[in-house]
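Everything below concerns the one structure shown next.
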Amino acid sequence: MGIFSRLQWFFKRQWRQYLIGVIALILVAICNVIPPKIIGNVVDAVSTNSMTSHYLIINMIVLFFVAILQYLLRFLWQKMIYGSSYVLERDLRSRLFRHFMKMDSTFYKKWRTGDLMAHATNDIDAVRDVAGPGILTFADSLITGTSMILAMGMFINWNLTILAVLPLILLAVMADILGGKIHVAFKKSQAAFSSINNKTQESVVGIKVLKALGQEQADEQDFDKYVQKNIRANKRSYRLDAMFDPLTTLIMGISYTLTIIFGGLAVLNGRITIGQLVSFITYMAELMWPMYAVGSLFNLLERGSASYDRISDLLAEKSSLVQPKNAITTVPSGTLKFDIDSFRYPDDKKIALRDVHFDLQAGKSLGIVGPTGGGKSTIINLLMRDFDHYQGVIKVGKNDIRDYDLDSYLDKIGYVPQTNFLFSTNVRDNIRFADIEASSEAVLSASKIADLDGDVKQMVDGYDTQVGELGVSLSGGQKQRLAIARAVLSNPKLLILDDSLSAVDSKTERHIEQRIAKNRQQGTTIIAASRLSSVENADQIIVVSKGTIVEQGTHQELLHQSGWYADTFNLQAKNAELEGRLSHEK
């Protein structure tokens, strides 16, 4: 029953609805007492030859109005109790979604997408069942059981009632024994569901890779392992849960046996009438529902408790990005000063950045290059405030970027990663995602800057073309250019291109860079790239290797230094020349 106390914050808020629902249940229970009493009276009237048509009609009318009243009351409690449970579902889903939006990169490294989906769907459904069917089953079984026992004692015989109810104590003992085991079993069952949900999500998203590598059969076998694990977890939970119904049947059988034996003796001895015995047995039949409901109740409560534990653990996760109390909400402006003494990723002892210092004046451009794994993306991660725990400071103008309101800060940054996320909508809405009210002219202008307009016009539906889930209908280069158009459309103060032109040829790359430079004469731009021709025209270039800056200067200055930059640039130039010759010969 602990799950009820843990949800008291919600029950306190919805107490009026639940009170009305419980009152309706009480009135239904009172109505349920009437038919068995009437049946017993009619049986006694028949057995004593005192039955009249008038007496029978009166009793039938009473039964009819009781049935109508029960119908209205049942509608009322369903509306109040079940309706409130969906309010809880809405609130929990909203809390989880807002929590997901606030969490940092570390959180998403720890939790898999399938796990988060399972928490937001299956677990919340289980908690909702506690606030709906759980409350109903608990209140209805308690009220109905109590009212039936009182009716049996008050209208028939207390001694016989105590004798018939005594075996029910065994049910409470068994519920206490099985309760803890069922909780653990259901928690494992929910975890198994999360795993299979995550596996399904990964397989669907990676279907192209699976097919390309011919791994469909191997993936199916791997999926079967998750399914079998899920089945085993569910079997154990349902095996424990299934012990309730047979036990309830056995206990009710004992109660019926005692009722028939001692009730029959009471009739023979004249302590009760045959009609009262019929009423008593009818009350016993009404008592069966609360007894069977106990098993269902423990199922709901333990499943809901296990799910609420999982949801609570998720909501307890804290983001490492802390919003200051008096966060700056003005637009970031001024020189970008990047002064990092050291930074390491969470749970990683290796230093990712050390002694990285550079200034970038507003309206200028910076190129970041270097060997793979040297630290280019880490610098961008810190600029994007994916992590705030570093030794040093990053400022825009006079303000530390950690002092800004996170939304206000990121709203003025246009970020284009190498791997872009596209939404399952058309090309136009993907481009104007950051400004959904943007005009068609603005969308067209941004598309032309990204050299995407020509490709879109060749599509059957033009800018209304559906890109499919994750942009499956577009090529890698089209995805990158669409993402660039989306970033340019928002006219950000700072535009960050993280190897975002790797999927286009060098000629297209130069055209795009020229258009971006022309469009962003007053904007600050940072370009991280593997292809050095991407940063050739940058006002400043830094070479990052092993987490630190090893070279710094303009393109010409770096060529004269005869270091990594000069060697790599010359090598890439020779490769490009060779590829051009081969292409020309073909």
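Using the number of other C-beta atoms within 10 angstrom as an exposure proxy, rank K479, K398 with the fewest first.
Sorted ascending by nearby Cβ count, the order is K398, K479.
Once a ≥ b ≥ c are taken as the square roots of the eigenvalues of the Cα gyration tensor of segment 88-133, is the result rounded (a/c under 1.5), prolate (a/b larger than b/c) or oblate (a/b not larger than b/c)?
Cα axes put segment 88-133 in the oblate bin.
With point charges of +1 on the Cβ of Lys and Arg and -1 on the Cβ of Asp and Glu, referenced to the Cα centre of the chain, which listed residue (S533, Q478, N430) lies farthest in the positive direction of the dipole?
N430
Place a label point 7 angstrom from the Cα of A191 along the Cα-to-Cβ direction, then list the residues of segment 122-142 whose backbone nitrogen is under 18 Å away.
The answer is 122-124, whose backbone nitrogens lie closer than 18 Å to the label point.
Set Lys and Arg Cβ to +1 and Asp and Glu Cβ to -1, take the dipole of the chain about its Cα centre, and tell me which of V130, A566, V66 lies farthest positive.
So the residue we want is V66.
Measure off 7 Å from each Cα along the Cα-to-Cβ vector at S53 and S408, then give the distance between these two points in nanometres to one decimal.
Spacing of the two 7 Å Cα→Cβ label points: 8.8 nm.
Could you list H119, H560, H357, H54 so that the one with the fewest beta carbons within 10 Å of its beta carbon is first and the one with the most is last?
H54, H560, H357, H119
Straight-line reach only, C-alpha to C-alpha below 27 angstrom: list the lysines that K79 could link to, leaving out same-chain residues fewer than 8 apart.
Partners found: K12.
Let's see if you can work this out: charge +1 on each Lys and Arg Cβ, -1 on each Asp and Glu Cβ, no other charges. What is the dipole magnitude of segment 2-315 about its Cα centre, in debye to the nearest 20?
Here segment 2-315 has a charge dipole of around 880 debye.
Assign one of three labels to the chain, namely rounded, prolate or oblate, based on the Cα gyration tensor with a ≥ b ≥ c the square roots of its eigenvalues; rounded applies when a/c is under 1.5, prolate when it is not and a/b is larger than b/c, and oblate otherwise.
Because a/c hits 1.5 or more and a/b exceeds b/c, the chain counts as prolate.
List the lysines whose alpha-carbon lies under 24 Å from that of K110, not counting same-chain residues fewer than 8 positions away?
Filter leaves K102, K187, K188, K199, K225, K229, K318, K349, K350, K376.
Positive end of the charge dipole of segment 1-113 (Lys, Arg +1 and Asp, Glu -1 on Cβ, about the Cα centre): tell me which of I39, S105, Q17 has its Cα farthest that way.
S105
If you stretched the chain out fully between M101 and N426, how much longer would it get, using 0.36 nm times the residue separation minus the C-alpha to C-alpha distance?
Full extension of this stretch gives 114.6 nm more.
What's the extension gain from S319 to V393 if we count 0.36 nm per residue and subtract their Cα-Cα distance?
Roughly 24.7 nm would be gained on extension.
Hey, got the dipole for segment 336-585? About the Cα centre, +1 on K and R Cβ, -1 on D and E Cβ, debye to the nearest 20?
Here the size comes out at about 300 debye.
Any idea what the dipole of segment 73-173 comes to, in debye rounded to 20, about its Cα centre with Lys/Arg Cβ at +1 and Asp/Glu Cβ at -1?
Approximately 440 debye in magnitude.
Hey, how many Å between the Cα centroid of segment 16-49 and the Cα centroid of segment 95-130?
So the two Cα centres are separated by 46 Å.
Hey, for a label at A434 modelled as a point 7 Å past Cα toward Cβ, could you say which residues of segment 452-476 have their backbone N under 18 Å away?
The answer is 452-453, whose backbone nitrogens lie closer than 18 Å to the label point.
Filter the DSSP H helices in the chain by two things, a Kyte-Doolittle mean of at least -0.5 and an axial alpha-carbon span of 27 angstrom or more, and list the hits by number.
Once both thresholds are applied, what remains is 15-47, 53-77, 169-205, 244-268, 274-315.
How would you rank M154, M252, going from fewest to most other Cβ atoms within 10 Å of each one's own Cβ?
Ordered by Cβ neighbours within 10 Å, fewest first: M154, M252.
Would you mind classifying segment 336-585 by shape? Square roots of the alpha carbon gyration tensor eigenvalues, ordered a ≥ b ≥ c; an a/c under 1.5 is rounded, otherwise it is prolate if a/b is larger than b/c and oblate if not.
Since a/c reaches 1.5 but b/c is at least a/b, the shape of segment 336-585 is classed as oblate.
Any read-out appearing in this document is the output of simple, stated calculations on the displayed coordinates, not a laboratory observation. Bear in mind the structure is a predicted one, so any value in this text is a computation, not a measurement. Neighbour counts are summed over all protein chains in view; Cβ atoms, including those assigned to glycine, are modelled from backbone coordinates with ideal geometry.
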